[in-house]
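K.L.:
Quick one: structure below, then a few questions.
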Amino acid sequence: AYTAAVSDYIIGCNSSGGAVAITLPDNAPRGTIHVVKDVNGSASTHAITVQRNSSDTIDGQTSHDITTAYGAITVASDGANWYII
């Protein structure tokens, strides 16, 4: 598991040892962008879950799973919630 810092931009994940959870920072400033990437192709076997930190959402949901080998998700904050872009 990893909790992203506001200063993180690209977060490379290796889920070959099992499922991985990435928690987005709460109350990130508007315009904060994070890219979460499966760097070794194991997400098709072990999902990478990108999840909220508090009451914020990701496109209205509490989490988003990367389940495709070498898949990625890019999210941007509006200061209160995250949106997949």
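The values are calculated or read from the model by the stated rules, or taken from the named source; none is laboratory data. Fair warning: this is a prediction, and the values are worked out from it, not measured in the lab. Counting neighbours? That spans all protein chains shown, and the Cβs are built from the backbone with ideal geometry, glycine included. Each accessible area value is taken on the protein alone, full model and side chains, heavy atoms only, with ligands, DNA and RNA left out. Shrake-Rupley method; radii C 1.70, N 1.55, O 1.52, S 1.80 Å.
K.L.:
Over the stretch 6-85, what is the mean sequence separation of C-alpha contacts under 8 Å (at least six apart), divided by residue count, expressed as relative contact order in percent?
P.N.:
34 percent
K.L.:
Find the accessible area per residue for the chain; the probe is 1.4 Å, ligands and nucleic acids are left out, and the unit is Å².
P.N.:
Normalised by residue count, the accessible surface of the chain is 51 Å².
K.L.:
Note down the accessible area of Ile48, probe 1.4 Å, to the nearest 10 Å².
P.N.:
0 Å²
K.L.:
Inverting the mean 1/r over all pairs of different Cα atoms, compute the Kirkwood radius of the stretch 1-66 and quote it in Å.
P.N.:
So the Kirkwood estimate lands at 12.1 Å.
K.L.:
Would you kindly derive the ³J(HN,Hα) couplings of the stretch 34-43 from the backbone phi angles with the Karplus curve 6.51 cos²θ - 1.76 cosθ + 1.60 (θ = phi - 60°), listing them in order in whole Hz, with x for Gly and Pro?
P.N.:
My calculation for the stretch 34-43 gives 10, 10, 10, 10, 7, 8, 10, x, 8, 5 Hz in order.
K.L.:
As an exercise, identify the trypsin sites (Lys or Arg not before Pro) in the stretch 1-59 lying in DSSP coil whose Cβ has no more than 13 other Cβ atoms within 10 Å.
P.N.:
Qualifying residues, ordered by number: Arg30.
K.L.:
Given the options Ser42, Ser54, Ser15, which has the most mean-square fluctuation in a GNM of the chain, springs set between C-alpha atoms less than 10 angstrom apart?
P.N.:
Highest fluctuation of the listed residues: Ser54.
K.L.:
Could you pull out the longest piece of the chain with no exposed loop chymotrypsin sites (Phe, Trp or Tyr not before Pro) in it, calling a site exposed if DSSP puts it outside H, G, I, E, B and it has at most 16 other Cβ atoms within 10 Å?
P.N.:
Here the longest run is 10-69.
K.L.:
Give me the percent of DSSP beta bridges within the chain that run antiparallel, rounded to the nearest 5.
P.N.:
Roughly 55 percent of the DSSP beta bridges within the chain come out antiparallel.
K.L.:
Given a 1.4 Å probe and every protein chain left where it sits, what share in percent of the accessible area of the chain is carbon and sulfur?
P.N.:
Roughly 48 percent of what the probe reaches on the chain is carbon or sulfur.
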